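Structure, as structure tokens:
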Amino acid sequence: MKLLLTGFEAFAGDLVNPSKEAVEQLDALPAGVEVKRRILPVVFGEAAKVLLEEIRTWEPDVVLSVGLAGGRSAVSVERIAVNLADARIPDNKGNQPVDEMLSADGDPAYFATIPIKRIAAAIREAGIPAEVSNSAGLFVCNSVMYAALHVAKREYPQMQAGFVHLPYLPSQAAALPAGTPSLSITDDIRAIRIAVETIVAGKKFLTGESVT
């Protein structure tokens, strides 16, 4: 199975992004998984362009993108991406679209095609807080999830795609108001590994391969 795994560079003045750290440090993946990692710019348009270039060049079986959702207390497995950009803050090049469509000919929204509920449940079973989220936001993360699902529907119908948001790292939360939730990079990596394992198990089940 070919897995395209993406994270994001730091943004909004932070020096670190847990999605970048988790994607780069992820190890011990299931046998038979060939992974390609790419860190995307936090820039509207550019992030989706890089992602689509990787998809069309490499033609992965699965695209799993990872991002930061600061303030959330659990790993969020996203259900839906919407055809809209409405940025609360500027991206890393100062762009701040308001009520702009991502694609003139795209659907209003696309649902993730990875097994979101099974992934969230498996992460929780490992003792890591996790939930299914019904909003990937309206920033660059949503635009990347939307781009992957849009191209999958139009060009690669067998390709699965989805998005996972991570909370702040403890080092980030320490500089914010008391009580700001965070998750260690160790648990971030475990959560993404479990997500990949769950996707792989589901694909093997669908093809009739042994999952033991």
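Values in this text are rule-based calculations from the coordinates and carry no lab data. Everything numeric in this text was worked out from a predicted model, so none of it was measured. Because the Cβ atoms are built from the backbone with ideal geometry, glycine has one as well, and the counts that use them run over all protein chains shown.
For residues that are buried (at least 19 other Cβ atoms within 10 Å of the Cβ) and touching a helix residue (DSSP H, G or I) at 6+ places or on another chain (Cβ under 8 Å), tally how many sit in the stretch 129-145.
Filtering the stretch 129-145 down to residues buried (at least 19 other Cβ atoms within 10 Å of the Cβ) leaves 130, 133, 136-145.
From what's left, touching a helix residue (DSSP H, G or I) at 6+ places or on another chain (Cβ under 8 Å): 130, 136, 140, 143-144.
Residues meeting the conditions: 5.
Does PRO157 satisfy being surrounded by fewer than 16 Cβ atoms within 10 Å (Cβ to Cβ), in a loop (DSSP other than H, G, I, E, B) and of a type outside the set (A, V, I, L, M)?
Considered against the rule, which asks whether it is surrounded by fewer than 16 Cβ atoms within 10 Å (Cβ to Cβ), in a loop (DSSP other than H, G, I, E, B) and of a type outside the set (A, V, I, L, M), PRO157 comes out as yes.
Tell me which residues, restricted to the stretch 71-103, are among the small types (Gly, Ala, Ser), under 30 Å from ILE128 (Cα atoms) and in a strand (DSSP E or B). Give the steps one after another, and end with the answer.
First, pick out the residues of the stretch 71-103 that are among the small types (Gly, Ala, Ser): 71, 73-74, 76, 81, 85, 87, 94, 103.
Okay, now just the ones that are also under 30 Å from ILE128 (Cα atoms), so 71, 73-74, 76, 81, 87.
Selection gives SER76, ALA81.
Looking at PRO18 and the list (1) farther than 17 Å from ALA147 by Cβ; (2) surrounded by fewer than 22 Cβ atoms within 10 Å (Cβ to Cβ); (3) not hydroxyl-bearing (Ser, Thr, Tyr), which single condition is not satisfied?
Going through (1) farther than 17 Å from ALA147 by Cβ; (2) surrounded by fewer than 22 Cβ atoms within 10 Å (Cβ to Cβ); (3) not hydroxyl-bearing (Ser, Thr, Tyr) one by one, PRO18 breaks only (2).
Within the stretch 55-93, can you find the residues that are polar (S, T, N, Q) and under 15 Å from the mean Cα position of the chain (by Cα)?
Step one: filter the stretch 55-93 for residues polar (S, T, N, Q), giving 57, 65, 73, 76, 83, 92.
Hits for the stretch 55-93 are SER65, SER76.
Among the numbered conditions (1) in contact (Cβ under 8 Å) with a residue 40 or more places away in the chain; (2) within 21 Å of ARG190 (Cβ to Cβ); (3) surrounded by fewer than 19 Cβ atoms within 10 Å (Cβ to Cβ), tell me where LEU26 comes up short.
Looking at each condition in turn, LEU26 falls short on (3).
Every residue, every condition in (1) more than 19 Å from PRO30 (Cα to Cα); (2) not in a helix (DSSP H, G or I), yes or no:
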site: ARG118; (1), (2): no, no
site: MET145; (1), (2): yes, no
site: VAL151; (1), (2): yes, no
site: THR180; (1), (2): yes, yes
site: ILE192; (1), (2): no, no
